[in-house]
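To start, the structure under review is shown below, and the notes come after it.
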Amino acid sequence: MTLLAVLSPFALAIVAPWLQRRLDRAAGWLLAALPAVLFIGFLNFALRHPAESHVFSWPWIPSLQIQLSFLLDGLSLLFALMITGIGALVLIYSGGYLAGHPHLGRFYVYLLMFMGSMLGVVLSNNVLSLFVFWELTSFSSYLLIGFYHDRQASRAAALQALLVTGAGGLALLAGVILLAFAGGSWELSELLARGDLVRGHPLLHATLVLILLGAFTKSAQFPFHFWLPAAMEAPAPVSTYLHSATMVKAGVYLLARLHPILGAAPRWQLYVGGCGALTMLVGAGLALLQVDIKRQLAYTTVSVLGALTFLLGLGGETAVTGAILYVLVHSLYKGALFLVGGNVDHAVDSRDVTRLRGLRRAMPITFVAALLAGLSMAGLPPFVGFISKELIYEALHAHDLSLLLAAVAVAANGCMFVVALLIGVRIFVGPPAATPREPHEAPPSMWLGPLALASLGLIFGLVPGLIEGRLIAPAVAAVGQLPATPAPHLALWHGFTPMLLLSAVTIAAGLLVFLGWDFLRARLNRLAPLGRLGPARWYEWVLQGVLGFAHLQTRILQSGSLPVYIATLIVVIILLVGGTLLEQVQIVRLANWNDIRFHELCIILTMMMAILTLVTTNSRLTAIAALGVVGYCVSLIFVLFGAPDLAITQFCIETLSVVLFVLVLYKLPRFQVFSRWPTRLAEAAIAVAFGLVVIGLMTLGMESDLGSPISEFYAANSYLQAHGRNIVNVILVDFRGVDTMGEITVLAIGALGVLALLKLRLDRDRPGKESS
Amino acid sequence: MNPPPARSMMPSLILNTATRYLMPLLVTFSIFVLLRGHNLPGGGFIGGLIAAAAFVLYAIAHHVAAARRALPLDPLQLIALGLLTAVSSGILSIVAGEPFMTGLWSHDPWPVLGAPGTPLLFDIGVYLVVLGVALTIVFALAEE
Amino acid sequence: MQAVLILTVGILYAAGIYMMMRRSIVKLIIGLGLLGHAANLLIFTAGGLRRGAPAFIDPDQSAAALAQIADPIPQALILTAIVIGFGVQAFSIVLIRRVYQVNGNDDLKHMRSTDELGSNP
């Protein structure tokens, strides 16, 4: 089932554009059937096997003992349910939101591709396949953020997200490889049982940092948070699905997944907790400065991701329970609010919180959804958001630094409260304000999603028992490796506790800020120039630096001058090989000087004369004739030393070459001297040095006679097995026939290339080039 | 294409007359070299080159168009035919249930060839490709 | 003779490299041809030199006689290299001819428009 679940969205993606063309409006509903079915399947599994861990594996690369295996336990089930459930609603929503868009089919492809990848991330048991799916989510996120590819801002945001999460992905790859080496397995299910082995490894710190880099970039932790608000260039369903409900939680998932292994590592609490707390505060604060609905929501998402990270860093049963519950709660309300934002934008073509008022009358259903989700986000009873917030305060209560941490949490939750009321309430009540377009209610496909998600927030708040034992407790058990008994106690009322007091403080402070928000924002905006020093700017610096360096090194390395390229290559070879040779050869023993016969000497001398003429002549015809002489001399050498086949071949080729040269001779430029004499001298020196290196190499090589067993084999079997006396020919057509086959194919391609070049008429479109 | 001028590249009566008799001789010789290549110097490469030289000589003495007419096939078709022959010599082995390009041999000696086998067929393919390639290039350049 | 051939190979390499650096496109091709000869001779020499003993065998030849023949493997390598070299040479001749036709220039220093950054016409 798991393999099918991961692969089926990819398969559906292939036919999605076709379905979209055939069915138009109904396509979204039909496509949503797949995640809906998967959702029911996962739910069924969760209800039947709560708190059990199952591994499903298929052989992948058997020779390396790598399997394609999937792990289904409480944690992955919770995420799988969110991915498929919200995925179904988002697919339906997209059909309405992007109705009539020419590239809607493509959008479905990206979205389904993402769904499959995200399921792969949360279900993978093999750390390498987890990494592959992880990168696939970054990739589909890139495509989805840049969906409005005709907008420059979209393309820049998409590239930014890809570079940041992609760089983190590389760190993650290194991290999981270290993890696998330390733990001696590529399977998460085995690694989870070998936490001590990993923690005892000398490279533990590097492993931790690398994995955290991957998780932090993906989950938009400070200072990598800037890509997430920028990613709001994407259409609303993408922001809902990827950038609040699922993908950005992949980092959180990874932290939760590895918590049993790395949670007890020495610096885990410092890094994860510290980074999370900082992100929580920064995100919440920045959210207050925004006026765009989507950007407000994006910054609160950053804040929530910080809170989740912080809780996982803190560790302990209550904190982990808080984190797991918060993952679910946040997906419900934030998904709903993003969709509400999309409805508002779709209806009135504006997302400015300061300008929108009184949309309630025109958009009653959207308002209900917004209100339910907003109140859950604000953390008010009887919504599940309240339970989740209480749980967070309870987790802090147990910690040493409880006062400081409580202050941070109250501040962040206060900001969240403000944003929740701004979007969930303020824009809908009061007298209607003028908008670019007349508001109207969204079609059913677009209010179904937000209403369903927001209602769940209320239902789970009223009856927490629905999720506590079947979803939350097994997930907590998977993270904390605690006994799977439902120890936590999700309820709205716990009596008068310090947590209730903190809630009250949060709400009071939030109300105060909400009422004075316009005034406060105007004051705070004076600090906006400080934002130019933020991490977004660091990213630009790094990017420009890389591009500048690339330009610089291209200019240096790619001078475009062939003599420079050749000289560089040759000088490097001379230095490397020649340097080694000087160490090796003490005395060059050129043996058998007097072994030479008179006619051989004549041939060699003729060749030397021809080479000398070739190098010095200014006549093309002389040069070509001299080259021919060199070739014929080589052919004679072949004759003398037992290679008649070579001699004949060389002779024929030389003849054909001369014919070729003569045919084109008068269409070729005359010889000119282009370089001045110092250059010529330097290049001559390089050439001579290279010749000397070759001589040295050959001399050294000839001293060591390694024998040639293959030649002996060929000589012995040429007649017996291949029925041929000419061993060279037998090698060519029989022993190494496939090589020859390749060679004649290359020749044929070469001839076609010559023909194409000759028949190609570039100058036809460019009159005047010929005459220049 | 423009109608070929009747003039040859090198108007010479002696060359003209000589090549008329030389060319068939050279082509015959090239085939002889090809066939005996398995046991004596020669083979597809050398044979193909000799044949190519013969046609190039003819083209120089008369004209490229005349040389093209003297060929049974277009040089490009020669290349294609040669590749086909070479590949089919290998495929024959597969048909016979042996690995690709295993040599298959006739058991009875034939009149001129001795006992031929698939390597000879392969060599004929090489001959045709080499001939076709050389002529494609030279003719194309000469016709410019 | 071996020493003389080694020397010859060295000279061929030096001359080939020198010609290739001359910036003139015709000389570049001549240089390529020289390098081809150099490489072929290098392999030939390195395979061991035996005067007048071609790599043919008689069915009734003794093992001692077999050891005296020239090494067939370098020969097979060189034979294909010669033919391929011809193909390369023909291709490059046609290429430079075409370049000269289009460019009207044979100085390699002026043939780098694709290598230059931001110089799109």
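Return the residues of segment A:400-414 that are in contact with a helix residue (DSSP H, G or I) (Cβ under 9 Å, 6 or more places away or on another chain), small (Gly, Ala, Ser), open to solvent by 20 Å² or more (accessible area, probe 1.4 Å) and modelled with pLDDT of 85 or more; say none if nothing qualifies.
Correct list: A:ALA411 only.
Quick one: A:SER657 ticks every box in (1) part of a helix (DSSP H, G or I); (2) more than 7 Å from chain C (Cβ to nearest Cβ); (3) in contact (Cβ under 8 Å) with a residue 12 or more places away in the chain bar one, so which box is it?
Here A:SER657 clears every test but (2).
Taking the criterion of being at positive phi and small (Gly, Ala, Ser), would at least one residue in segment A:252-260 satisfy it?
No, segment A:252-260 contains no residue that is at positive phi and small (Gly, Ala, Ser).
Out of the residues in segment A:351-369 that are hydrophobic (A, V, I, L, M, F, W, C), in contact with a Phe, Trp or Tyr (Cβ under 6 Å, 6 or more places away or on another chain) and under 25 Å from A:ILE507 (Cβ atoms), state the one that is surrounded by the fewest Cβ atoms within 10 Å (Cβ to Cβ). Step through it out loud before you land on a result.
Pass one, segment A:351-369, residues hydrophobic (A, V, I, L, M, F, W, C): A:353, A:356, A:359, A:362-363, A:365, A:367-369.
The next check asks that each one be in contact with a Phe, Trp or Tyr (Cβ under 6 Å, 6 or more places away or on another chain); those that pass are A:359, A:365, A:367.
Keeping just the survivors that are under 25 Å from A:ILE507 (Cβ atoms) gives A:359, A:367.
Working: A:LEU359: 25, A:PHE367: 23.
Applying the filter and picking the extreme gives A:PHE367.
Return yes when A:ILE686 is touching a helix residue (DSSP H, G or I) at 6+ places or on another chain (Cβ under 8 Å), touching a residue at least 60 places away in the same chain (Cβ under 8 Å) and in a helix (DSSP H, G or I) and no when it is not. Don't jump to the end; show me each part of the working.
Working: touching a helix residue (DSSP H, G or I) at 6+ places or on another chain (Cβ under 8 Å): yes; touching a residue at least 60 places away in the same chain (Cβ under 8 Å): yes; in a helix (DSSP H, G or I): yes.
When the stated conditions are applied, A:ILE686 passes them.
All but one of (1) open to solvent by 10 Å² or more (accessible area, probe 1.4 Å); (2) part of a helix (DSSP H, G or I); (3) not basic (Lys, Arg) hold for A:HIS149, so report the exception by its number.
Condition not satisfied by A:HIS149: (2).
Of the numbered conditions (1) over 30 Å from C:ARG23 (Cα atoms); (2) without any contact (Cβ under 8 Å) to a residue 40 or more places away in the chain, A:GLU600 fails exactly one; give the number of that condition.
Only one criterion in (1) over 30 Å from C:ARG23 (Cα atoms); (2) without any contact (Cβ under 8 Å) to a residue 40 or more places away in the chain is unmet by A:GLU600, namely (2).
Just name the residue that is farthest from A:ALA475 (Cα to Cα) out of those in segment A:311-323 that are open to solvent by 10 Å² or more (accessible area, probe 1.4 Å) and assigned to a helix (DSSP H, G or I).
For segment A:311-323, the residue satisfying everything is A:LEU314.
Restricting to segment A:726-744, and then to whatever is at the interface with chain C (Cβ under 9 Å from one of its Cβ atoms) and acidic (Asp, Glu), can you tell me which residue is farthest from C:PHE56 (Cα to Cα)?
A:GLU743
Looking only at segment A:283-310, which residues are in contact with a Ser or Thr (Cβ under 8 Å, 6 or more places away or on another chain) and open to solvent by 20 Å² or more (accessible area, probe 1.4 Å)?
A:VAL291
So which residues in segment A:672-698 are within 8 Å of chain C (Cβ to nearest Cβ) and open to solvent by 70 Å² or more (accessible area, probe 1.4 Å), if there are any at all?
A:GLN672, A:VAL688, A:LEU692
Criterion first (within 22 Å of A:GLY424 (Cα to Cα), outside any loop (DSSP other than H, G, I, E, B) and not charged (D, E, K, R)) does A:LEU228 satisfy it?
Yes, satisfied.
For the structure I just gave you, tell me whether A:GLY701 is surrounded by 15 or more Cβ atoms within 10 Å (Cβ to Cβ), part of a helix (DSSP H, G or I), at pLDDT 75 or above and not aromatic (Phe, Trp, Tyr).
Numbers: surrounded by 15 or more Cβ atoms within 10 Å (Cβ to Cβ): no; part of a helix (DSSP H, G or I): yes; at pLDDT 75 or above: yes; not aromatic (Phe, Trp, Tyr): yes.
Answer is no for this residue.
Could you pull out every one of the helices (runs of 4 or more DSSP H) wholly within segment B:30-144 that has 2 or more residues that are closer than 16 Å to A:ASN729 by Cα, open to solvent by 20 Å² or more (accessible area, probe 1.4 Å) and modelled with pLDDT of 85 or more?
B:118-143
Tell me which residues, restricted to segment A:245-272, are open to solvent by 10 Å² or more (accessible area, probe 1.4 Å) and closer than 13 Å to A:PHE222 by Cα.
If the condition is that a residue be open to solvent by 10 Å² or more (accessible area, probe 1.4 Å) and closer than 13 Å to A:PHE222 by Cα, then A:TYR271 is the only one that fits.
List pairs: first in segment B:68-91 and under 14 Å from A:THR745 (Cβ atoms) and facing chain A (nearest Cβ under 8 Å), second open to solvent by 20 Å² or more (accessible area, probe 1.4 Å) and not in a helix (DSSP H, G or I), Cβ under 6 Å, 6+ apart or cross-chain?
Pairs found: B:GLY90/B:PHE100; B:GLY90/B:MET101.
When you go through (1) among the aliphatic types (A, V, I, L, M); (2) at the interface with another protein chain (Cβ under 7 Å from one of its Cβ atoms); (3) surrounded by fewer than 21 Cβ atoms within 10 Å (Cβ to Cβ) one by one for A:LEU621, which number turns out not to apply?
Unmet for A:LEU621, out of (1) among the aliphatic types (A, V, I, L, M); (2) at the interface with another protein chain (Cβ under 7 Å from one of its Cβ atoms); (3) surrounded by fewer than 21 Cβ atoms within 10 Å (Cβ to Cβ): (2).
Give the residues of segment A:636-645 that are buried (at least 24 other Cβ atoms within 10 Å of the Cβ), part of a helix (DSSP H, G or I) and either out of contact with any Phe, Trp or Tyr (no Cβ under 9 Å at 6 or more places or on another chain) or free of Cβ contacts under 8 Å to residues at least 60 places away in the same chain (or both), sorted by residue number.
Hits for segment A:636-645 are A:ILE637, A:PHE638.
When you go through A:LEU520, A:LEU547 one by one, which is the residue that is more than 14 Å from every other protein chain (Cβ to nearest Cβ), assigned to a helix (DSSP H, G or I) and open to solvent by 60 Å² or more (accessible area, probe 1.4 Å)?
A:LEU520
The values are calculated or read from the model by the stated rules, or taken from the named source; none is laboratory data. Since the structure is predicted, the reported quantities are computational estimates derived from the model, not experimental observations. Cβ: placed from backbone, ideal geometry, glycine included. Neighbour counts: every protein chain shown. To get the accessible areas, we keep the full protein, side chains included, count just its heavy atoms, and leave off ligands, DNA and RNA. Shrake-Rupley method; radii C 1.70, N 1.55, O 1.52, S 1.80 Å.
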